[in-house]
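Since every read-out is calculated from the coordinates, none of them should be taken as a lab result. This one's a predicted model, so the numbers in the text were calculated from it and none came from an experiment. Here the Cβ is made from the backbone with ideal geometry for all residues, glycine too, and neighbour counts use every protein chain on show.
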Amino acid sequence: MDTKTIPYSMPIYSSEEMKERSKSFYQWIDKRRTVRDFSDKAVDPEIIDNCILSASSAPSGANKQPWTFCVVSDPEIKKRIRVEAEKEEYENYHGRMSKEWLDDLAAIGTDWHKPFLEIAPYLIVVFKRVYEMQEGEIHNNYYVQESVGLACGFLLTALFNAGLAALTHTPSPMNFLAKILSRPSNERPFLLIPVGYPAENTHVPDLNRKGLEDIRVKY
Ligand code: IYR
């Protein structure tokens, strides 16, 4: 099959401009933090839709875009998700997680209570599409894990850019999300992202990020 192409170009910056742009982007994105205390203040749904469109611009294996973003604002559904998530998390914090894991989490201060699942105005539940069903036939997706991870990175960046706080929450196991949201069998829950404004006077853990020397190796 012939590949159909269209012209493409990128803006051209001087090296000085590129240094400035890369530095100011870093200084901006470095201010993003995971937030666990949300306000219940409403968020215009158009903002969420725009952020999801940004997420869906991420690269994906063979451009299959193997993701579905479920946007939950219905209080009844949020409540059911909280109840099921807390059931699993209670078990995790009371025996399923190792002592080392619990010690690692102590610096973050999490526990099995997940009130944000009801308080945040939106829960974006991201599903990976492990294959596609078309006219009764299974079609492959590729690098699904990597693709959906990239899309979630774009989503978090877009939400932060819009002025919204988010939390990457992974209740485990999280099959209950597929059940509550009636997702088809080709979709598996990937990440649960509560989204909203931070609560007034929110605090976040005083964490450090690794320095360049710890993460970059030159050859
Ligand atoms: N899923 C649990 C535990 C948890 C695990 C990791 I790794 C974290 O970075 C944070 C929490 C919870 O949500 O509390």
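Summing +1 for each Lys or Arg and -1 for each Asp or Glu among the other residues whose beta-carbon sits under 15 angstrom from that of residue 31 gives +2.
Per residue of the chain, the DSSP helices (runs of n ≥ 4 H) give a summed -39500 (n - 2.57) that works out to -11500 deg cm²/dmol at 222 nm.
Basic side chains Lys and Arg get +1 at the Cβ, acidic Asp and Glu get -1 at the Cβ, and with that the dipole of the chain about its Cα centre reaches some 280 debye. Between the amide H of residue 190 and those of 126, 127, 128, distances stay under 5 Å, these residues lying 5 or more places away or on another chain, with hydrogens modeled in the peptide plane.
Among the listed pairs 23/218; 4/31; 87/128; 19/218; 79/128, give every one whose C-alpha distance is greater than 29 Å.
4/31
On full extension of the chain, what length is gained from residue 105 through residue 73, given 0.36 nm per residue of separation minus the C-alpha to C-alpha distance?
Numbers: separation 32, 0.36 × 32 = 11.52 nm, distance 2.86 nm.
Stretched fully, the residue 105-residue 73 segment lengthens by 8.7 nm.
Result for the chain in a Gaussian network model with C-alpha springs under 10 Å: among 185, 14, 22, the largest mean-square fluctuation is at 14. Considering only 52, 153, 169, the residue lying farthest towards the positive end of the dipole of the chain is 153, judged by Cα position with unit charges set on Cβ.
Can you tell me the dipole magnitude for region 115-211 around its Cα centre, using point charges on the Cβ only (Lys, Arg +1; Asp, Glu -1), in Debye to the nearest 20? Walk me through the intermediate numbers first.
Numbers: 7 positive and 8 negative charges, 41 e Å.
My answer is approximately 200 debye.
Where nothing but the Cβ of Lys and Arg (+1) and of Asp and Glu (-1) is charged, how large is the charge dipole of region 1-110 around its Cα centre, in debye to the nearest 20?
My answer is approximately 140 debye.
Whole angstrom only: what separates the Cα centroid of region 71-85 from the Cα centroid of region 159-177? After rounding, the separation between the Cα centres reads 13 Å. Sequence-distant contacts, meaning Cα pairs under 8 Å at least 6 residues apart, place the relative contact order of region 35-199 at 39 percent. Comparing 62, 166, 199 in a Gaussian network model of the chain where C-alpha atoms under 10 Å apart are linked, the largest mean-square fluctuation is found at 62. Screening the chain for whole DSSP H helices of 18 Å or more along their axis (Cα) with average Kyte-Doolittle hydropathy at least -0.5 returns 144-162.
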